[in-house]
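Visitor: Below: one structure in structure tokens.
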Amino acid sequence: MTKFTDLKLDPAVLRAIADAGYETPTPIQAGAIPPALEGRDVLGIAQTGTGKTASFTLPMVTMLSSGRARARMPRSLVLCPTRELAAQVAENFDTYAKYTRLTKALLIGGVSFGEQDKLIDRGVDVLIATPGRLLDHFERGKLLLTGVQIMVVDEADRMLDMGFIPDIERIFQLTPFTRQTLFFSATMAPEIERITNTFLHAPARIEVARQATTSETITQKLIQITPPRRDQSAKAKRELLRAIIKSEGEACTNAIIFCNRKTDVDIVAKSLKTHGFNAAPIHGDLDQSLRTKTLDAFRDGSLQLLIASDVAARGLDIPAVSHVFNYDLPSHAEDYVHRIGRTGRAGRLGTAYSIGTPADAKYLAAIEALVKQEIPRADPPEGFSLSEAAHREPRKYDDDKGPKSRSSRSRSGRGRDEKRPPREDRAPVIVAVEEDDSHIVEVPEAKRAEPRRSEPRRNDGPRSESHRAEPIRPDGPREDRRDERRSEPYRDSRRGRDGGPAVVGMGDHVPDFLLRSFRTTKPVIEDKDSDEAPEAELETPVTEPSEG
């Protein structure tokens, strides 16, 4: 059997491995470390919990033991999809490099740039980062990647699935072509493998387990439930989840509960805490300090239930997780393997429960097709029944048009289908249309006192004669009344004194400065060579302009 002492690792690294209590490498470690020490590119595929992190950490520490880092130019780079996974890689580096003088820097979001800049300025041998924060430092001119000798992409399929393809391609372009590249992942779909062929050169492919297989140390169970109503599906699943946790009793020392959406993570965590469970949420929208505090509490046992999104499906190295609950079946079948891989690690036994509804049929079929086995079905806990709240009567519907929604309400707060209150207190006014009083139009009292708009509304096209309604008033037609409101000079200046065409000008008023007389003078040109006297000034009177 192969031991770590047979892998040509640095003596300082072997000493650190012995302190950690390891003697025999895992299959992925035994297959990936020798070609990595030879300087070859490596493509490692292994299921979660098989020790992939040490597969690239150990050879990196050995190869970087000689050499010196320069300011702002790291010698190696490790890219991780999540902050938690990056923090775990940093912890592994501290464990295996404690007898060396190698330095590291962790670049993740949620941490101030100032502290990270100080570490980079000193020069680091290993730079562990998420793609976004790494590019932020580069664009700020604080980092150069031209000195990278070894580049590692951890959880490569997750990096590519999460939309980091443009960032990864840009980072690869910033690193030297002669770098050594290591790719490690739990699954490797054909389209993902096609992309990795662009980044790796003649890699040594190490695949120690069938793709997307689940560990034999995990007991899987699927409990299916049919909610009485579709809109109470989430409530029914929360009641079933609490019943399963109670039925496990002391066997459930701690557990991770996975939800598909961040909002569901908060709702499930709040529901469990309301019913007396020791639970806390973790997802990408939380502050990094709170996420770190929650993970530390879960690791040391002060927190029993960790409700998480898929941010915790990878990279959390917590060996003693007894249970995993899939509150939601994952929409991507590969995530099921990563989720349940949080339990049953390092040879321990684990239990994974999944809750399914009729709406999850397609997700369940995809998962079973991927793992190539049927998930064993189980019955709900003995004595479990839905509460009365899950059997409430459905909401009232209006005219068979479905439930009332916020979008169907007008600005006044009434729904579209609600009838307006009677308006008997508003007396109608008779409006004649083309001398025909057969049309009766309701006009509010407040509107009658307002003057009619003289200009047409915007986007109003030409209107037919039948729509040009004028109120009957005792003071005559509207055109006459409009003229009466005008001042006499204004009317004359617009139409002319004789009622002819309109005159364009200032009317009867002429500014005073136009009626003033002024003089023009001929400029005096001095000629130094001429003895003649300058000509006298010319006065040209300007006559006043005539009115009219």
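The values are calculated or read from the model by the stated rules, or taken from the named source; none is laboratory data. As the structure is a computational prediction, the values presented were derived from the model and not from experiment. Glycine also receives a Cβ, built like all others from the backbone with ideal geometry; neighbour counts cover every protein chain displayed.
Visitor: Taking the range 13-62 only, how many residues are touching a Ser or Thr at 6+ places or on another chain (Cβ under 7 Å), touching a residue at least 40 places away in the same chain (Cβ under 8 Å) and more than 22 Å from residue 339 (Cα to Cα)?
Guide: Final tally of qualifying residues: 8.
Visitor: Another one. Failed condition for residue 80, given (1) in contact with a helix residue (DSSP H, G or I) (Cβ under 9 Å, 6 or more places away or on another chain); (2) within 21 Å of residue 7 (Cα to Cα); (3) among the hydrophobic types (A, V, I, L, M, F, W, C); (4) touching a residue at least 60 places away in the same chain (Cβ under 8 Å), with all others met?
Guide: (2)
Visitor: If we scan the range 317-325, do we find a residue that is under 16 Å from residue 367 (Cβ atoms), at pLDDT 85 or above and outside the structural domain of residue 81 (by TED's automatic domain parsing)?
Guide: yes
Visitor: Consider residue 237 carefully, then state whether it is in contact (Cβ under 8 Å) with a residue 12 or more places away in the chain, assigned to a helix (DSSP H, G or I), surrounded by fewer than 18 Cβ atoms within 10 Å (Cβ to Cβ) and of a type outside the set (Gly, Ala, Ser).
Guide: So residue 237 fails the test.
Visitor: Yes or no: the range 29-48 includes at least one residue that is crowded, with 19+ Cβ neighbours inside 10 Å, at pLDDT below 95, among the hydrophobic types (A, V, I, L, M, F, W, C) and part of a loop (DSSP other than H, G, I, E, B).
Guide: Within the range 29-48 (the criterion being crowded, with 19+ Cβ neighbours inside 10 Å, at pLDDT below 95, among the hydrophobic types (A, V, I, L, M, F, W, C) and part of a loop (DSSP other than H, G, I, E, B)), the answer is yes, since at least one residue qualifies.
Visitor: Also: Against the conditions (1) at pLDDT below 95; (2) in contact with a helix residue (DSSP H, G or I) (Cβ under 6 Å, 6 or more places away or on another chain), where does residue 280 fall short? Just the number, please.
Guide: For residue 280, the failing item is (1).
Visitor: Quick one: how many residues across the range 260-285 are out of contact with any strand residue (DSSP E or B) (no Cβ under 7 Å at 6 or more places or on another chain) and touching a residue at least 24 places away in the same chain (Cβ under 8 Å)?
Guide: Total satisfying the criteria: 8.
Visitor: Among (1) outside any helix (DSSP H, G or I); (2) surrounded by fewer than 18 Cβ atoms within 10 Å (Cβ to Cβ), where does residue 198 come up short?
Guide: So the condition that residue 198 fails would be (1).
Conditions tested, residue by residue: (1) closer than 20 Å to residue 336 by Cα; (2) acidic (Asp, Glu); (3) surrounded by fewer than 16 Cβ atoms within 10 Å (Cβ to Cβ).
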| site | (1), (2), (3) |
| --- | --- |
| 227 | no, no, no |
| 254 | yes, no, no |
| 272 | no, no, no |
| 288 | no, no, yes |
| 298 | no, no, no |
| 301 | no, no, yes |
| 305 | yes, no, no |
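Visitor: Here is a follow-up. Given the options 219, 226, name the one that is part of a strand (DSSP E or B) and either hydroxyl-bearing (Ser, Thr, Tyr) or not assigned by TED's automatic domain parsing to the domain that holds residue 333 (or both).
Guide: Only one candidate qualifies: 219.
Visitor: Given (1) surrounded by 17 or more Cβ atoms within 10 Å (Cβ to Cβ); (2) of a type in the set (Ser, Thr, Tyr); (3) outside any strand (DSSP E or B), where does residue 181 come up short, assuming only one miss?
Guide: Evaluating residue 181 over (1) surrounded by 17 or more Cβ atoms within 10 Å (Cβ to Cβ); (2) of a type in the set (Ser, Thr, Tyr); (3) outside any strand (DSSP E or B) leaves (3) as the failure.
Visitor: Right, something else. Taking strands (runs of 3 or more DSSP E) that fall entirely within the range 283-370, which contain at least 1 residues that are closer than 20 Å to residue 213 by Cβ and touching a Gly at 6+ places or on another chain (Cβ under 8 Å)?
Guide: Those strands (runs of 3 or more DSSP E) span 323-326, 350-356.
Visitor: Only one residue in 223, 257 is of a type in the set (Val, Ile, Thr), modelled with pLDDT of 95 or more and either touching a Cys at 6+ places or on another chain (Cβ under 7 Å) or within 16 Å of residue 311 (Cβ to Cβ) (or both), so which one is that?
Guide: 257
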